1. Part of a loop (DSSP other than H, G, I, E, B), touching a strand residue (DSSP E or B) at 6+ places or on another chain (Cβ under 7 Å), at pLDDT 90 or above and surrounded by 15 or more Cβ atoms within 10 Å (Cβ to Cβ) - does that describe any residue in the range 721-738?
2. Test residue 568 against the stated conditions and say whether it is in a strand (DSSP E or B) and free of Cβ contacts under 8 Å to residues at least 40 places away in the same chain.
3. Looking only at the range 694-703, decide whether some residue is at pLDDT 90 or above and in contact with a helix residue (DSSP H, G or I) (Cβ under 6 Å, 6 or more places away or on another chain).
4. Could you check how many residues of the range 153-186 are assigned to a loop (DSSP other than H, G, I, E, B) and either without any contact (Cβ under 8 Å) to a residue 40 or more places away in the chain or under 17 Å from residue 230 (Cβ atoms) (or both)?
5. Count, please, the residues in the range 739-752 that happen to be more than 33 Å from the chain's Cα centre (by Cα) and either exposed (fewer than 15 other Cβ atoms within 10 Å of the Cβ) or free of Cβ contacts under 8 Å to residues at least 40 places away in the same chain (or both).
6. Please find, among 671, 643, the residue that is in contact with a helix residue (DSSP H, G or I) (Cβ under 8 Å, 6 or more places away or on another chain), under 23 Å from residue 513 (Cβ atoms) and surrounded by fewer than 21 Cβ atoms within 10 Å (Cβ to Cβ).
7. Under 30 Å from residue 183 (Cβ atoms) and surrounded by 12 or more Cβ atoms within 10 Å (Cβ to Cβ): is that true of residue 261 in this structure?
8. Take residue 652 and tell me if it is at pLDDT below 95 and crowded, with 18+ Cβ neighbours inside 10 Å.
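The values are calculated or read from the model by the stated rules, or taken from the named source; none is laboratory data. Note that the structure is a prediction, hence the values are computed from the model and not measured. Virtual Cβ from ideal backbone geometry, glycine too; neighbours counted across all protein chains shown.
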């Protein structure tokens, strides 16, 4: 042991002595130079180096400097040159800078924008190229496409020379095709069908183009079926669970979905595992915590019955019903919390609706904000509540509808804010939108042919809610000039006043009509939904023969009225409208009855009466669909042996009456096809309306029309009603409602067209 220690000690002494001699004998560094840099300042490089003049020159120190230079990230190559001089060593570093990226370009990207891709990459322009960073950014681009469903996307980074010193980094992208969901499997699903599930889930199976014919479903090219929505898969589980809960399966279990991508990365197959359990029956429905209403009062209108299958949707309906009951009595903050107690052995469920009534609330103050242009009184007169009133949620909903129907505001919010134990402030927040419109342009209409239009409209003159409009239209078939003023609330009363001045010229082919006149209409709100009006009108009419030989062609109805005449008289109407939103209703009725009376007593030459009945009902259906039925009946007759003025006759046919027919040709025509107009009309319009895009305010309509026009001495006969069916698109555009319809005449006569396409810009019906 002592010998080993002595040997190790001797070796240590010898080694230390050799290291000291090496240090002493190592030459000094005379100078350190750097060559080859172009963009990097010399001082910036020298400041990084730790080897300086007069330092000892060693291989380790040299290697450390090379490591430092590479570590800057500026250089792709570093060479070392050494030269002995004056007893020392001159050290030189020759560097070659990495390519300098002046721009980053994306080539081949159509689905994802340049801006979105720039957000994903880590490499930036105006920097030295980092090969690893360029590869990582390419992978990030690929992953971004994968997130968007493009699983076979390829991304290739390429360095291209702009000039000797500048380079362009281009990512060549081959997007490929988006992977679609070809099949969704539900293992263990028995009580529910795929169709029921796909009505509520965000991710559905791909539907080929022929699905419209074979399955009566919109193909995936026209819908979002087949698109994998990863972020919605968790919500889809809850949506599927909801379907089961509405069938009574309280204990249903649904697994997290598994996703399998095909080898070509074009198709997904998704699988769920479902354990259904057994359906439950409602045993009892009870209430707890209610003092304002007795149990029997809450049970009136109860939609859940003991003995029926449990449905969770009905519970939500009951919560809404009960909170509305309380809200109508001022308990606006009443809350209903359901408690479902299942009996797994008996497979029954007891439902207890726990009511937290709160306090009856009165309105302390009403605050209107956001109405920079619209006066406060214009907003307040639409509210169905006032200060010191007991708050009523039904009145709140109606107030919202009325403000929305003004079409002055982009958004409307009515929010109660509790300020005391039994008091709230009503905060009415609106966001105004432009109510003035100037438009000039032209187009083609099925009735007017080529047409030029100029229109100036202001729906909220001076912020008072007054309507002013000047409209001019020049067309091949019809020209029109119209000036309108309407004050809907004279002195903030329930009375309204409207003045119209108009002139029109219309070519009906059978005759040419020139009409000019004016009307003054006084109306009054008789109740919340009912309005009555009376108008005084006067107009001058001139009918002429647009083509020689018409009258000899034996059309006495027209020929006996050629020349100048006038109409003066009264119009009265009674109107009831409960629609929730006038431009795009989901529910409600619109009913009107009216009568026109033209009398020589006021100076006119015509003597006639005209009566009409018009009713339309909107019924909401599932998935934002609705059904509307529109019924119209009208009748006009001359008095004292005088003829019905041509302008007062009904023209059945066209987009506003009977779609699938050319204007006026669902009524009487001459053997040569000339229009006569009708003395009576009976029309049924049946529309199935569905939303194509809620954001774009675009709806689709499948329609069936049933109606006809009848001649002077012809009775109304149901067996003579004509029929048509087709499709219509409705768009609430920035320049007004636009409709385009294609109707098929289901029983065309020899001279009639099988199908008719029409479009119009203006109010619906």
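1. Yes, there is a match, as at least one residue in the range 721-738 is part of a loop (DSSP other than H, G, I, E, B), touching a strand residue (DSSP E or B) at 6+ places or on another chain (Cβ under 7 Å), at pLDDT 90 or above and surrounded by 15 or more Cβ atoms within 10 Å (Cβ to Cβ).
2. So residue 568 passes the test.
3. Among the residues of the range 694-703, not one is at pLDDT 90 or above and in contact with a helix residue (DSSP H, G or I) (Cβ under 6 Å, 6 or more places away or on another chain), which makes the answer no.
4. 5
5. Summing the residues that are more than 33 Å from the chain's Cα centre (by Cα) and either exposed (fewer than 15 other Cβ atoms within 10 Å of the Cβ) or free of Cβ contacts under 8 Å to residues at least 40 places away in the same chain (or both) in the range 739-752 gives 5.
6. Unique residue meeting the criteria: 643.
7. When the stated conditions are applied, residue 261 passes them.
8. Against the criterion (at pLDDT below 95 and crowded, with 18+ Cβ neighbours inside 10 Å), residue 652 qualifies.
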